[in-house]
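The values are calculated or read from the model by the stated rules, or taken from the named source; none is laboratory data. All figures in this text were calculated on a predicted structure; none of them were measured in a lab. Because the Cβ atoms are built from the backbone with ideal geometry, glycine has one as well, and the counts that use them run over all protein chains shown. Only protein heavy atoms, including side chains, enter the accessible area calculation; ligands, DNA and RNA are left aside. Shrake-Rupley method; radii C 1.70, N 1.55, O 1.52, S 1.80 Å.
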Amino acid sequence: MEKTFKAIGQKNQMLPEQVAEQIKELIIGNNWEAGHKLPNEFEMADQLQVGRGTIREAIKILVAQNIVEIKRGRGTFVCEKPGMVDDPLGLSFMNDKHKLAIDMCETRLMIEPQIAEMAAQRATIEDIEKLETLCDAVEAKIRQNVEHGQEDISFHEAIAACTGNQVVQQIVPIIQSSIMLFIDITKSGLKHHTIEEHRQLVEAIKDHDGKRASEVMTAHILQNQRNIEAITKATQKGDRYVKESGAQKSSTGA
């Protein structure tokens, strides 16, 4: 039986935030999936016994939280990934991208080897087939010398999906934002290592060898980290050289 709104009792509690919570409870309670259309403004106002202005404000709150989206002329719908915002950790506002890339590698080392181990223990035949397809997609893009970041992210998210753990599947997309950052910093470096290590990961998961999957994932991330550290040092050395050269030119009047 589908759940309905509960009327908000006291008038002094008729706040947009409370209405937004009611709508969230309705979405969760009825298991409304992405694309499900919400009742219209008139229906919600009538059921909740609040004004249409309050409903509009509540919808704005839910849009900002990426729970619902408004499609002009069609209505309000549940988002693809309700509650998931693009940059929940504010990573895009961290200026030192080299340090951020290294910090993300450290974070991945804390989490992803264990995810790989669990994936190897729990992966189904269908999971493994999807991993093999995504692994092929990454390799194809790399060999074509074209951008492969999205395929790489999808590959790592598929490993998380193998665990069957819904919390892990929500966390990994945030962690994987570092892949795009890594590719940008290294200009898609370590292509050979990426192909080889992805293949090794798939084989370990296919063999349900959790220990080997964990070890390969650790080696994969460490290789990325070492490359970022080397590029960071080279960049810093180049910056110092430019500054010193500029100072020398200035002192000689050149």
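Residues of the stretch 127-142 that are under 21 Å from the mean Cα position of the chain (by Cα) and among the β-branched types (Val, Ile, Thr): Thr133, Val138. When we screen Glu80, Glu17, Glu43 for residues that are modelled with pLDDT of 90 or more, open to solvent by 70 Å² or more (accessible area, probe 1.4 Å) and under 30 Å from Pro173 (Cα atoms), the only hit is Glu17. For beta carbons closer than 8 Å, sequence separation of 6+ or different chains, a first residue in the stretch 83-95 that is under 21 Å from Glu21 (Cα atoms) and a second that is hydrophobic (A, V, I, L, M, F, W, C) and open to solvent by less than 60 Å² (accessible area, probe 1.4 Å), the qualifying pairs are Gly83/Ile67; Pro88/Ile174. Has the stretch 121-133 got at least one residue that is assigned to a helix (DSSP H, G or I), farther than 16 Å from His220 by Cα and small (Gly, Ala, Ser)? Within the stretch 121-133, not a single residue is assigned to a helix (DSSP H, G or I), farther than 16 Å from His220 by Cα and small (Gly, Ala, Ser). From the list Thr107, Thr54, the lone residue that is outside any strand (DSSP E or B), farther than 17 Å from Ile171 by Cα and of a type in the set (Ser, Thr, Tyr) is Thr54. Considering only residues in the stretch 64-77 that are under 12 Å from Ile23 (Cα atoms) and either modelled with pLDDT under 95 or crowded, with 18+ Cβ neighbours inside 10 Å (or both), the one that is nearest to the chain's Cα centre (by Cα) turns out to be Ile67. Against the conditions (1) modelled with pLDDT of 95 or more; (2) open to solvent by less than 40 Å² (accessible area, probe 1.4 Å), Ile228 satisfies every one except (1). Residues in the stretch 90-122 that are open to solvent by 60 Å² or more (accessible area, probe 1.4 Å), among the acidic types (Asp, Glu) and at pLDDT below 95: Asp96, Glu106. Only a single criterion out of (1) at pLDDT 95 or above; (2) open to solvent by less than 70 Å² (accessible area, probe 1.4 Å); (3) over 17 Å from His198 (Cβ atoms); (4) in a helix (DSSP H, G or I) is not satisfied by Gly164, namely (4). Asp87 falls short on exactly one of the conditions (1) under 23 Å from Gly35 (Cα atoms); (2) outside any loop (DSSP other than H, G, I, E, B); (3) open to solvent by less than 80 Å² (accessible area, probe 1.4 Å), and that condition is (2). Kindly check whether there is at least one residue in the stretch 131-154 that is within 18 Å of Ile27 (Cα to Cα) and in contact with a Pro (Cβ under 8 Å, 6 or more places away or on another chain). Checked the stretch 131-154: no residue is within 18 Å of Ile27 (Cα to Cα) and in contact with a Pro (Cβ under 8 Å, 6 or more places away or on another chain). Report whether or not Ile159 is touching a residue at least 60 places away in the same chain (Cβ under 8 Å) and hydrophobic (A, V, I, L, M, F, W, C). No: the conditions fail for Ile159.
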